[in-house]
Amino acid sequence: MTTSSSPTAPQVCWGLEQHMDEVAAAIGMDPVDLRRRTLIEEGAEGPTRQVFEKVGVRDTLERAVEMIGDGGELPDDEAIGVAVGWWPCMTAPSGAYVQMNGDGSATIVTGAQENGSGAVMAMPVFVGQELGIDPNDVSILYQDTDVAPWDMGSCGSQTTFNSGRAILAAAQEVRQQLLDAAAEQLEADRDDLELADGVARVKGSPDRSVAIADLVGEIGTVHGKGSGEVLDAPSGDTGGCVGRLGNETFLAPQLITQAAHVKVDRATGVVRVLRIAAAHDSGRILNRAGADGQVLGGVVMGVGLALSEGTMLDDQGRQRNPHLLDYKLLTCSDAPEIEVAWVEYDSVGPRGTKGVGEPPQVPTAGAIANAISKVIGRHVPRLPMTPERVWEASRGISA
Amino acid sequence: MTRSFVSAATVKDALSALSGGARPVAGGTDLVVGARQGKAPLPDAIVAIDRIPGLRAIDVSDGGLRLGTLVTHGDIMASEEIRTRYTALADASAIVGSHATRAQGTIGGNVMNASPAMDTGGPLLCFGATATLRSASGERSVELDELWTGPGSTSARSDELLVALDVPAPSAGTGSSYVRLEYRRQMEIAVVGATAVVTVDGDRIVDARVAITALTPTIRRVPAAESALAGMDGGEGAVEAAAAAAAAASTPISDVRGSAEYRRAMAAVMANRAITAALTRARGGSVPIPASPALHGAS
Amino acid sequence: MKVAATLHVNGTDYPVELDPHVSLLKAVREELGLTGSKEGCDDSECGACMMLLDGEPVNACSYLALQAEGREVTTVEGLAGDEEVGPLQRAFLQQAVVQCGICTPGMLVSATALLRHNPAPTEEEIRIGLSGNLCRCTGYRGIVRAVRQVASGNVPPLGSAPVHPDTTPPHHAG
């Protein structure tokens, strides 16, 4: 069974979060309360001695629980389950150019790939903020590494994090050039100047200004290049068992809590996910439409991973279900209602942003599993938790 | 062999093409899809029958129903007569494939494809439908359990065309239902299905027909289930006995959709739900169409 | 052995010569150059190829092109009629549900068929009516809202900013 994003995290979270619920049951504590008591916060130390900076995971727990509601008196074939997960930001080199055009508009040149998430399309916001111009006046030449520096492409939830960093660095070079020219023309100190509303002006004296377009005309060519500083993952101690298994520490971790309200048809094992509440700490959100879209799509992917998507192999390693009739994606009528909330704390990413694309799929299966266990009184030991497996588990048979 | 395509304007034209070795296509939802999944390549000579006038009618009379071979699942779902008096058939057509399958797929194509998992088969069988096959030499009526000879095969000759299905009118006091086990709510093939058509008189079941789907090489009725219900009051004991008989009559396979053991257990669950819904409807109660999703969660 | 025929697509007649086994999808994309309809699975399991045949939805990948002669074929390119972009497309843009875009043409066609049959569908009816179209990116929520928006006649003009009905405002802290 594979994932097409956040590889390994959904499965581990599914196992770990059911374990948390078992611990809660064993000590007679509500599973949400157990998480309240144990989730990391600023200053906490992880298993590889990573010390966490401000993380919003506790807020995500409260928001998800609040959004799903307590369900009131649920029928005995329905339950709510919760799971918490995380995913790192992947740091990678990237590079970009920003150039000013004669009319005061700007153009970004980047290798970053836009596949519909909205990550690249939001880059004009960075440049607009940095240069004091309208983001609608910033065009993008993207996804072309013949003309732009190397970029990792749309994977790893890192376009905003890495490509954004490079674009911001390039924009900052342009900013310096504009401020230098404006200081000379306005005979003012650089520190007294600001770029806003398409002009360079003296702070507090708006009549002492010059249009950015005019500055560009004066200078001739105004362009910048940037990569930004490629951040290292935080230091940690890899001596323990956890440390040797890949990402030993998490750079700018994205934290997620999801709560699932499910209905189980005990006689057949068919599970319907009625609602998912998803609360995410992905740092500052740059493009709300795009970010919400990533959660909505990722959650539905997560439900598929939980309940119906499974690659079945024969003893020769060939796939037995190589088509969409039997590799079952959710259809529109299977998809749950989904509510999304963002918990925004600053991060080390550009303008406090973090990645968004992969985390939404991480805790979904765990939340659904915890809900199913509450209904049938047992854990379903394998993913996907198909109706047959839920049925077998509910009868006390292991797969 | 060269490929050819003709669109028949009349049944006579179609029969002539069939005699020449062509194979018929109506909506293509089985024939063309089947060619993709390696089930069977497209025939070299194809005769389209979807333009023949008069084959898409639903004719209602006191004696029953005549469904033209080109009647679509969408037509069936929309027919007030079928929804009221042949409800199991509406239950079935309403959940075939997707909205596009239901718009293009025909009842004739469905029947002649002879899949052991087809949703409309159980209802048609339980209502006693007969297939009218026409050829150059005349017409004959075949009971469906004689028509279906195995998975994907029928007793029709290659020069015969299914032109209509005749469904006798059920007696007053009849209620029916088709239910299937589905993992998704749409775009599914029945993993297991069950049909029940029951007639009640007062508190007694005077007639019962029960069929199982996707559990045997061809869709079949279960006489043992039917006799467990006939003459009974339709209480829990009788229904459970009938459901157990349905499971016992099943010879399911294990495949990517489920193990034989799971399917056999689900045969009893689906039969129980189909019979219960049919009884509710026979007694004047209401179960939404389609019955399958409505009954999710029923114990 | 190719067969000569005329395909009537989006109101225009196209003379073609086709192998009898060619699907309507292949003919429309490759012979007519109308590449809006997509091939996702080629066996009626994803809906990316959805077209209308005399107003009824069809998985064009699994429909023989020659059978479409004499019928009105509508593809995504023909949905907006005389407008550059129709209300459904505007609603999709406004709900920000065009991510990778592969499902979009098929979704628009299925939604068109749904609304013609049922101008005031319930949420359930919308979801069933779109279940023949798989989407991997959007989770379907915004697409359903877009169809509801069109059904209620509330589609803003092109260029309106995306809206997020009842998305919770972010929790600002730190």
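Annotations for the structure displayed:
- Matching residues, region A:214-246, being under 22 Å from residue A:6 (Cα atoms), of a type outside the set (Val, Ile, Thr) and exposed (fewer than 15 other Cβ atoms within 10 Å of the Cβ): A:232, A:241, A:244, A:245, A:246
- Failed condition for residue C:48, given (1) at pLDDT 95 or above; (2) in contact with a Gly (Cβ under 6 Å, 6 or more places away or on another chain); (3) part of a loop (DSSP other than H, G, I, E, B); (4) more than 14 Å from chain A (Cβ to nearest Cβ): (4)
- Annotation for region A:162-176: no member residue is touching a residue at least 24 places away in the same chain (Cβ under 8 Å), surrounded by 15 or more Cβ atoms within 10 Å (Cβ to Cβ), of a type in the set (Gly, Ala, Ser) and over 16 Å from residue A:94 (Cβ atoms).
- Exactly one residue out of C:54, C:19 is over 24 Å from residue A:330 (Cα atoms), under 17 Å from the mean Cα position of the chain (by Cα), surrounded by fewer than 19 Cβ atoms within 10 Å (Cβ to Cβ) and modelled with pLDDT of 95 or more: that is C:54.
- Top-ranked residue of region A:271-285 - restricted to ones that are touching a helix residue (DSSP H, G or I) at 6+ places or on another chain (Cβ under 6 Å) and surrounded by fewer than 23 Cβ atoms within 10 Å (Cβ to Cβ), ranked as farthest from the other protein chains (Cβ to nearest Cβ): A:284
- Within region C:25-37, the set of residues being touching a helix residue (DSSP H, G or I) at 6+ places or on another chain (Cβ under 6 Å) and either in a loop (DSSP other than H, G, I, E, B) or facing chain B (nearest Cβ under 9 Å) (or both) comprises C:34, C:35, C:36, C:37.
- Residues that are closer than 15 Å to residue B:158 by Cα, more than 9 Å from chain C (Cβ to nearest Cβ) and not hydrophobic (A, V, I, L, M, F, W, C), drawn from region B:31-54: B:43
- For region A:62-96, the set of residues classified as within 29 Å of residue A:391 (Cα to Cα) and assigned to a strand (DSSP E or B) consists of A:78, A:79, A:80, A:81, A:82, A:83, A:84, A:85, listed by residue number.
- For region C:51-66, filtered to residues that are in contact (Cβ under 8 Å) with a residue 40 or more places away in the chain and assigned to a helix (DSSP H, G or I), the residue that is farthest from residue B:97 (Cα to Cα) is C:66.
- Unmet criterion (only one of (1) facing chain C (nearest Cβ under 9 Å); (2) within 18 Å of the chain's Cα centre (by Cα); (3) part of a loop (DSSP other than H, G, I, E, B)) for residue A:332: (2)
- Selected residue (criterion: surrounded by the fewest Cβ atoms within 10 Å (Cβ to Cβ)) from residues of region B:55-76 that are more than 20 Å from residue C:60 (Cβ to Cβ) and within 13 Å of chain C (Cβ to nearest Cβ): B:56
- Of the residues making up region A:18-39, those that are in a helix (DSSP H, G or I) and either aliphatic (A, V, I, L, M) or at positive phi (or both) are A:20, A:23, A:24, A:25, A:26, A:32, A:34.
- Pick from region A:286-327, criterion within 10 Å of chain C (Cβ to nearest Cβ) and not in a helix (DSSP H, G or I), ranking: farthest from residue C:130 (Cα to Cα): A:287
- Filtered residues of region A:113-137 (kept if under 18 Å from residue A:351 (Cα atoms) and not in a helix (DSSP H, G or I)): A:118, A:119, A:120, A:121, A:122, A:132, A:133, A:134
- Within region A:42-61, being in a loop (DSSP other than H, G, I, E, B), under 21 Å from residue A:284 (Cα atoms) and in contact with a Pro (Cβ under 9 Å, 6 or more places away or on another chain) holds for A:52, A:53, A:55.
- Remark: residue A:308 matches the filter, which requires a residue to be surrounded by fewer than 22 Cβ atoms within 10 Å (Cβ to Cβ), touching a residue at least 40 places away in the same chain (Cβ under 8 Å), under 20 Å from residue C:138 (Cβ atoms) and touching a Phe, Trp or Tyr at 6+ places or on another chain (Cβ under 8 Å).
- Restricting region C:1-24 to residues that are more than 9 Å from chain B (Cβ to nearest Cβ) and among the hydroxyl-bearing types (Ser, Thr, Tyr), the residue that is nearest to residue B:7 (Cα to Cα): C:6
- The conditions of being within 22 Å of residue B:28 (Cβ to Cβ), away from every other protein chain (no Cβ under 13 Å) and buried (at least 18 other Cβ atoms within 10 Å of the Cβ) are not met by residue C:109.
- Scanning region A:29-64 for residues that are of a type in the set (Lys, Arg) and in contact (Cβ under 8 Å) with a residue 12 or more places away in the chain yields A:35, A:36, A:49, A:54, A:58, A:63.
- Qualifying positions in region A:251-269 - surrounded by fewer than 24 Cβ atoms within 10 Å (Cβ to Cβ), assigned to a strand (DSSP E or B) and either away from every other protein chain (no Cβ under 13 Å) or of a type in the set (A, V, I, L, M, F, W, C) (or both): A:261
- Residue B:142 meets all of the listed conditions (1) assigned by TED's automatic domain parsing to the domain that holds residue B:262; (2) assigned to a strand (DSSP E or B) but one, namely (1).
- Strands (runs of 3 or more DSSP E) completely within region B:1-119 that count 1 or more residues being without any contact (Cβ under 8 Å) to a residue 60 or more places away in the chain and touching a Ser or Thr at 6+ places or on another chain (Cβ under 6 Å): B:45-48, B:58-61
Residue by residue, here is whether (1) at pLDDT below 95; (2) part of a loop (DSSP other than H, G, I, E, B) holds:
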site: A:157; (1), (2): yes, yes
site: A:161; (1), (2): yes, no
site: A:164; (1), (2): yes, no
site: A:173; (1), (2): no, no
site: A:178; (1), (2): no, no
site: A:181; (1), (2): no, no
site: A:213; (1), (2): no, no
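The values are calculated or read from the model by the stated rules, or taken from the named source; none is laboratory data. On a predicted model such as this, the values are computed, not experimentally measured, just so you know. Quick reminder, even Gly has a Cβ in these numbers, built from the backbone with ideal geometry, and neighbours come from all protein chains shown.
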